[in-house]
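The values are calculated or read from the model by the stated rules, or taken from the named source; none is laboratory data. The structure presented is a predicted model; accordingly, all values stated were derived computationally and were not measured. Cβ atoms come from the backbone with ideal geometry, glycine included; neighbour counts cover every protein chain shown.
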Amino acid sequence: MWFVVASVIVAVVAAVVMDWAIILLSSLAGAAAIVEPFKLKAIIAAAALVGLAVVRVAVQGRRLRRGAPIGRPIH
């Protein structure tokens, strides 16, 4: 019986964490795609990557909390 309870708990945690994991990974990938073509020095590229990723996570996180679909503009 304990495995049923554990399965439900894991499913709930996975559902909560999944949206944030996708937001974080897509933000990092997008920031890397923007920064990489500029061939910046390592420290500048790292700062730009982190800055862009933080901004994108904040924007997508706010939209997630509002309940707005991530892929569509807010009207």
(Q) Considering only region 32-44, I want to know if a residue exists there that is exposed (fewer than 14 other Cβ atoms within 10 Å of the Cβ), out of contact with any helix residue (DSSP H, G or I) (no Cβ under 7 Å at 6 or more places or on another chain) and acidic (D, E). (A) yes
Listed by first then second residue, the pairs whose first member lies in region 44-69 and is over 13 Å from L25 (Cα atoms) and in contact (Cβ under 8 Å) with a residue 40 or more places away in the chain, whose partner is part of a helix (DSSP H, G or I) and of a type in the set (D, E, K, R), with beta carbons under 7 Å and at least 6 positions apart or on separate chains, are L64/D19
I'd like to check something: does region 59-68 contain any residue that is at pLDDT below 90 and in contact with a Pro (Cβ under 9 Å, 6 or more places away or on another chain)? yes
Of the residues in region 8-25, those that are free of Cβ contacts under 8 Å to residues at least 12 places away in the same chain and either in contact with an Asp or Glu (Cβ under 9 Å, 6 or more places away or on another chain) or surrounded by 13 or more Cβ atoms within 10 Å (Cβ to Cβ) (or both) number 1
